[in-house]
Amino acid sequence: MSTRKLSITRSILRFEGNDIAAYWRRFAMLLTLSVVIATMGMLRNSGAVVIAAMLVAPLMTPILGVAAAMVMGWLARAFNLALIVCGSAVLCVLLAWCLVYVADVPRGILIPDQVLARTDPGTEDLIVALAAGVAGAYVQINRSEASLLPGAAIGVSLVPPLSASGVLLYFGEPAEAYEAGLLFATNLGAIILSACAVYIIYAAHSVAFSKGRRKLNFTASVVVTLAFLAFVVLQLGKSTYNRYLETRTEAQLAQTIRDWADPVSVEIIRVDVNAKSKHADIWLIVDLPIEAAYKVSSIVGLLPESLRETPLVDVLREELGPGYLVVVRFQNRIGAQIILGTDTVQQAPDVEKITEEN
């Protein structure tokens with residue numbers, strides 16, 4: 001191994017420097033600040049503040065240290081660093097929960113979008129984490145490319161999922177908190193695996209593939225990492241497939257509602273389908289005939305005859321199947337088309353047609 005490669009390898013493996021205690025004090029301080037920034041940013045629903053937390057977070061370095069120790073066959077160090085990372089992750093979740101608890105955030109409010117954005121991990125997140133791990137390891141080896149590290153930190157997003165998990169636990173959403181934790185686990189496993197590949201290619205292939213105990217230790221650690229990632233990928237695959245089913249079902253459901261209402265103008269505000277819980281949420285606005293403005297009747301009586309012939313409930317049951325809990329929120333409005341300067345008042349054109357023309 002050349003002197004340069006030996007120096008690079010040593011700096012990666014001993015990233016704490018000479019004063020180990022001082023490094024971990026800085027690590028604890030920066031990690032605490034990152035959790036505070038991320039949690040407050042999520043509560044304020046500010047993406048810019050959450051990005052700032054990603055830049056402050058120091059978790060990337062010890063995770064890359066785990067990969068470097070694995071490649072060198074130092075299982076004890078790799079295990080200790082992995083314990084530190086996992087313990088830090090648990091403490092981040094608890095700290096986020098405590099911050100929201102101390103702030104006394106009302107539990108009845110809507111959960112911010114920045115929190116919910118971390119609760120739907122998929123296989124695309126795994127691809128991003130693999131790429132970010134490659135970028136982080138590459139920057140460590142090629143210090144001249146240090147400008148790339150902030151981009152890798154933003155792309156992998158380590159602390160925000162942990163903060164989101166703590167916030168969701170406070171709001172009483174353990175299933176969503178698990179999904180946010182799964183996103184962190186995805187990033188953790190993918191970074192370690194991709195960083196191992198980079199270290200082997202650039203600096204340590206002679207060590208990883210040498211004979212003896214180091215090769216055995218490296219192989220065992222990679223097998224454990226792959227098994228962990230296999231579990232994560234299985235969970236992500238389920239989430240991705242459910243998301244695909246939900247998106248397809250929502251599109252089909254929207255089209256079914258349009259077909260049911262035709263020729264009556266119906267504006268579909270929202271269609272949300274949760275395949276896992278078998279729950280659907282539908283928001284509609286139905287245009288009533290112009291003459292409904294001059295009638296005193298029940299809402300059902302004002303609806304066009306074509307909509308009363310086939311109830312929407314029957315259409316939804318046929319599309320979704322039995323067992324679904326469907327919440328339908330609808331409003332009625334009078335739709336009119338007036339030719340100014342004349343007494344001509346006609347029925348307003350279909351909302352979908354107006355949208356297509358524009």
* Roughly how many nanometres apart are two label points built 7 Å out from the Cα toward the Cβ at F15 and R248? -> 4.1
* To do: Could you work out how far apart the two model spin labels at L94 and R258 are, taking each label as a point 7 Å from the Cα in the direction of the beta carbon, and quote it in nm?
  => 5.3
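When the accessible area of the stretch 211-284 is computed with all protein chains present and a 1.4 Å probe, what percentage of it is carbon and sulfur?
Values: 2600 of 4340 Å².
Carbon and sulfur atoms account for 60 percent of the accessible area of the stretch 211-284.
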* Highest mean first, what order results for 192-199, 94-101, 121-128 on Cβ atoms within 10 Å? -> 192-199, 94-101, 121-128
* Label points 7 Å out from Cα along the Cβ direction at L226 and K278: separation in nm? -> 3.9
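The values are calculated or read from the model by the stated rules, or taken from the named source; none is laboratory data. As the structure is a computational prediction, the values presented were derived from the model and not from experiment. Glycine also receives a Cβ, built like all others from the backbone with ideal geometry; neighbour counts cover every protein chain displayed. For the accessible areas, the whole protein counts, side chains as well, though only heavy atoms, and no ligand, DNA or RNA atoms are used. Shrake-Rupley method; radii C 1.70, N 1.55, O 1.52, S 1.80 Å.
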